[in-house]
Amino acid sequence: MRAAELLRHEGVRRYFRRRFTHLLVDEFQDTDPIQAEVMLLLTADNPTEQDWRACKPVPGSLFVVGDPKQSIYRFRRADIVTYNMVKQIIQKNRGELLTLTCNFRTVPAITDG
């Protein structure tokens with residue numbers, strides 16, 4: 001919560017935007033609203049925007065990987081609403097949604113048996 005609060009300050013955000021130009025978030029389906037706020041504030045194109053829901057990520061600065069069907073952290077506020085909200089923000093700002101159609105985790109010996 002304090003990290004999000006700090007990132008609402010323009011000078012702090014400018015410092016971290018210069019230091020970290022790209023952000024990759026894996027297991028995004030387990031992101032809670034405060035974590036979503038941090039990642040959108042860190043990648044925002046406008047360092048003065050205070051509302052993370054209104055932030056527009058700098059093109060190419062944010063990459064998230066997640067599957068909402070695998071969310072297991074509801075006990076710490078991860079939910080489908082946050083997932084979908086951030087997904088919409090990314091897509092609305094020219095972000096691309098890629099869907100994996102192949103399973104790379106299993107081998108035929110397991111699935112055919």
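Coordinate-derived values only; no laboratory data. From a predicted model like this one, the values you see are computed outputs, not experimental measurements. Cβ placement follows ideal geometry from the backbone for every residue including glycine, while neighbour counts extend to all protein chains displayed.
Of the chymotrypsin sites (Phe, Trp or Tyr not before Pro) in the stretch 39-108, which ones lie in a loop per DSSP and count no more than 12 other C-beta atoms within 10 Å? Don't skip to the end; give the middle numbers.
Numbers: sites: TRP52, PHE63, TYR73, PHE75, TYR83, PHE104; in loops: TYR73, PHE104.
When the chymotrypsin sites (Phe, Trp or Tyr not before Pro) of the stretch 39-108 are filtered for loop state and at most 12 Cβ neighbours within 10 Å, PHE104 remain.
Report note on the peptides 18-24, 64-70, 96-102: ranked by the mean count of other C-beta atoms within 10 Å, highest first, their order is 64-70, 18-24, 96-102.
For an R0 of 22 angstrom, estimate the FRET efficiency from the Cβ-Cβ distance between THR99 and HIS22 and round to the nearest 0.05. It would help to have the intermediate numbers written out before the result.
Values: r = 22 Å, r/R0 = 0.99.
So the FRET efficiency works out to roughly 0.50.
Residue by residue, the stretch 103-109 carries 3J(HN,Hα) couplings of 9, 9, 8, 10, 10, x, 4 Hz when phi is fed to the Karplus relation 6.51 cos²θ - 1.76 cosθ + 1.60 (θ = phi - 60°); x denotes Gly or Pro. Size of the stretch 1-105: Rg and Dmax of its alpha carbons, in Å, are 13.8, 44. Taken along the Cα-to-beta-carbon direction at a fixed 7 Å, the label points for ILE34 and THR106 span 3.7 nm. Here's how it looks for VAL64: its modeled amide H is under 5 Å from those of VAL25, which are all 5 or more places away or on a different chain.
Pick out, in residue order, every one of the GluC sites (Glu not before Pro) in the stretch 1-81 that is DSSP loop and has at most 14 other C-beta atoms within 10 Å; say none if there are none.
Details: sites: GLU5, GLU10, GLU27, GLU37, GLU49; in loops: GLU27, GLU49.
Answer by residue number: there is no such site.
Measuring between their Cα centroids, the stretch 39-100 and the stretch 6-25 lie 15 Å from each other.
For LYS69, the aspartates and glutamates whose Cα comes closer than 18 Å to its Cα, not counting residues fewer than 8 places off in the same chain, are ASP26, GLU27, ASP30, ASP32, ASP79. Once the C-beta distance of ASP67 and ALA3 is scaled by a Förster radius of 25 Å, the resulting FRET efficiency is 0.45 to the nearest 0.05. Remark: the stretch 50-62, residue by residue, has Karplus-estimated 3J(HN,Hα) of 8, 9, 4, 5, 9, 5, 10, x, 4, x, x, 8, 10 Hz, where x stands for each Gly or Pro and the curve is 6.51 cos²θ - 1.76 cosθ + 1.60 at θ = phi - 60°.
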